[in-house]
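Read the figures in this text as sums done on the coordinates, not as results from a lab. Bear in mind the structure is a predicted one, so any value in this text is a computation, not a measurement. Cβ atoms come from the backbone with ideal geometry, glycine included; neighbour counts cover every protein chain shown.
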Amino acid sequence: MENIINVENARRILGDLISRVNENKQPVIITRRSKEKAILLDYDEYVRLKTLAEKAKEDQLIEALEKIQQAVAEAGIPYEAVAEAIREVRSR
């Protein structure tokens, strides 16, 4: 079950909320006017999620570069032509 609390109540017991989040590792959803607005999250969990997001971005970049390499190879474009185009763009 999710822990949900409105922002007014969260303000009053913030220290206790932080302790509970750190102890039980369960996030707390903060609402305002009955709409979810924020999450109080254990710091270690935040770091873990941030690392996963960065890894996903890196994986997407690698996949995109592999697709570009494949398209270049299929088009029969020599590597040196691609390298020269990259150097030209970088020099601008």
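Points worth noting:
- Local charge for residue 56 was computed over the other residues whose Cβ lies under 12 Å away, with Lys and Arg +1 and Asp and Glu -1, and equals -1.
- For GluC sites (Glu not before Pro), the sites in the chain that DSSP calls loop and that have at most 16 other Cβ atoms within 10 Å are 2.
- For the chain, the relative contact order comes to 19 percent (Cα pairs under 8 Å, sequence separation of at least 6).
- Rounded to 5, percent antiparallel among DSSP beta bridges of the chain: 55 percent
- Straightening the chain between residue 60 and residue 75 buys 3.2 nm, computed as 0.36 nm per residue apart minus the Cα-Cα spacing.
- Between residue 26 and residue 5, the simple spin-label model (points 7 angstrom out along Cα→Cβ) gives 1.3 nm.
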